[in-house]
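Student: The structure under discussion is supplied below as structure tokens; questions concerning it will follow.
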Amino acid sequence: MDNQELDPLLPPSKSQLKREMEARQKLGERLLDLSVQQLNQLALSSQLIEAVALAKRIKAHGGRYRQLQYIGKLMRSIDPTPIEDFFKLLDGKDYAQTVVLHELEDWRERLITAIDNGVLTDYLNRYPQADSQQLRQLVQAAKKERETTKPLGAGRKLFQYLRQQLS
């Protein structure tokens, strides 16, 4: 139980302030993973954007550490809520995209290893917009590629076709 729970009129404890600063510094470190376009979407101060760009270029451990400390200091003066919301949205998109890609890989594997046309029929029932003739050709080419163990790119073409059907 901290001071805030005991008496809401008391200022936050030193430990609580330190935890908040560390959380903002970690959030600032995550900014290094974003592209320039994503950083511009966040409407950050130019000083913070420059600090992040410089931190990306620094390779020396000590220099990078000091720059991350500076980013943490800059993060203390801004509201972290929009940045946290952006990362929640980004993490959700990444997870959803990963799930879709795993599903597509599963379909590709099932289509290539299928003995009969049952899996192909299941796929065509689920995705009726797919061109059955083109799909059959891609599956046959991928099967032949597996048999000859020559990387012709047929499996990749099949995967790309399956991904097109989702969009």
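The values are calculated or read from the model by the stated rules, or taken from the named source; none is laboratory data. Here the structure is a predicted model, which is why all the values come from computation and not from measurement. Positions of Cβ are generated from backbone atoms using ideal geometry, with glycine treated the same way; all protein chains shown enter the neighbour counts.
Each row is one residue, and each column tells you yes or no for (1) touching a Phe, Trp or Tyr at 6+ places or on another chain (Cβ under 8 Å); (2) within 30 Å of GLU147 (Cβ to Cβ); (3) surrounded by 10 or more Cβ atoms within 10 Å (Cβ to Cβ).
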| residue | (1), (2), (3) |
| --- | --- |
| GLU22 | no, no, yes |
| GLY28 | no, no, yes |
| LEU44 | no, no, yes |
| ILE49 | no, no, yes |
| ALA60 | no, no, no |
| LEU68 | no, no, yes |
| ILE71 | no, no, yes |
| ILE78 | no, no, yes |
| TRP107 | yes, yes, yes |
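Student: Now for a separate question. Going through region 54-71 one residue at a time, which ones are within 13 Å of GLY28 (Cβ to Cβ) and small (Gly, Ala, Ser)?
Tutor: Within region 54-71, ALA55 is the sole residue that qualifies.
Student: Which one is nearest to GLN165 (Cα to Cα) among residues in region 114-152 that are surrounded by fewer than 13 Cβ atoms within 10 Å (Cβ to Cβ) and either of a type in the set (Val, Ile, Thr) or touching a Lys or Arg at 6+ places or on another chain (Cβ under 6 Å) (or both)?
Tutor: Taking the candidates together, the pick is THR121.
Student: GLN4 passes all but one of (1) at pLDDT 85 or above; (2) farther than 15 Å from ASP79 by Cα; which number fails?
Tutor: Every listed condition holds for GLN4 apart from (1).
Yes or no, residue by residue, for (1) free of Cβ contacts under 8 Å to residues at least 40 places away in the same chain; (2) farther than 30 Å from GLN37 by Cβ; (3) of a type in the set (S, T, N, Q):
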| site | (1), (2), (3) |
| --- | --- |
| PRO80 | no, no, no |
| ASP131 | yes, yes, no |
| GLN137 | yes, yes, yes |
| ALA142 | yes, yes, no |
| GLU147 | yes, yes, no |
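Student: So, in region 92-105, of the ones that are of a type outside the set (Phe, Trp, Tyr) and loosely packed, with under 11 Cβ neighbours inside 10 Å, which residue ends up modelled with the highest pLDDT? Let's see the steps before the verdict.
Tutor: Here is the first cut: in region 92-105, the ones of a type outside the set (Phe, Trp, Tyr) are 92-94, 96-105.
Then drop every residue that is not loosely packed, with under 11 Cβ neighbours inside 10 Å, which leaves 92-94, 96-99, 102.
Working: GLY92: 78, LYS93: 76, ASP94: 74, ALA96: 80, GLN97: 82, THR98: 83, VAL99: 85, HIS102: 89.
Going through the qualifying residues, I end up with HIS102.
Student: Considering only region 82-100, state which residues are of a type outside the set (D, E, K, R), more than 22 Å from ALA55 (Cβ to Cβ) and free of Cβ contacts under 8 Å to residues at least 60 places away in the same chain. Quick ask: steps written out before the conclusion?
Tutor: Applying the first criterion (of a type outside the set (D, E, K, R)) to region 82-100 yields 82-83, 86-87, 89-90, 92, 95-100.
Applying the additional criterion that residues be more than 22 Å from ALA55 (Cβ to Cβ) yields 89, 92, 95-100.
Answer for region 82-100, where residues must be of a type outside the set (D, E, K, R), more than 22 Å from ALA55 (Cβ to Cβ) and free of Cβ contacts under 8 Å to residues at least 60 places away in the same chain: LEU89, GLY92, TYR95, ALA96, GLN97, THR98, VAL99.
Student: Additional query: Does at least one position in region 66-82 carry a residue that is among the charged types (D, E, K, R), part of a loop (DSSP other than H, G, I, E, B) and within 18 Å of GLU20 (Cα to Cα)? Walk me through how you get there before you give the answer.
Tutor: Looking only at region 66-82, we keep the residues that are among the charged types (D, E, K, R), and these are 66, 73, 76, 79.
Applying the additional criterion that residues be part of a loop (DSSP other than H, G, I, E, B) yields 76, 79.
Cutting the leftovers down to within 18 Å of GLU20 (Cα to Cα) gives us 76, 79.
Yes.
Student: For region 48-68, does any single residue satisfy the condition of being in contact with a helix residue (DSSP H, G or I) (Cβ under 7 Å, 6 or more places away or on another chain) and touching a residue at least 40 places away in the same chain (Cβ under 8 Å)?
Tutor: Of all residues in region 48-68, those in contact with a helix residue (DSSP H, G or I) (Cβ under 7 Å, 6 or more places away or on another chain) come to 48-49, 51-52, 54-56, 58, 64, 67-68.
Those still in the list that are touching a residue at least 40 places away in the same chain (Cβ under 8 Å) too: 68.
Yes, region 48-68 contains at least one residue that is in contact with a helix residue (DSSP H, G or I) (Cβ under 7 Å, 6 or more places away or on another chain) and touching a residue at least 40 places away in the same chain (Cβ under 8 Å).
Student: Keeping to region 30-48, report how many residues are within 21 Å of ASP91 (Cα to Cα) and part of a helix (DSSP H, G or I). Spell out how you get there, then give the answer.
Tutor: Let us first name the residues in region 30-48 that are within 21 Å of ASP91 (Cα to Cα), namely 30-44.
If we keep only those that are part of a helix (DSSP H, G or I) too, we end up with 30-33, 36-41.
Number of matching residues: 10.
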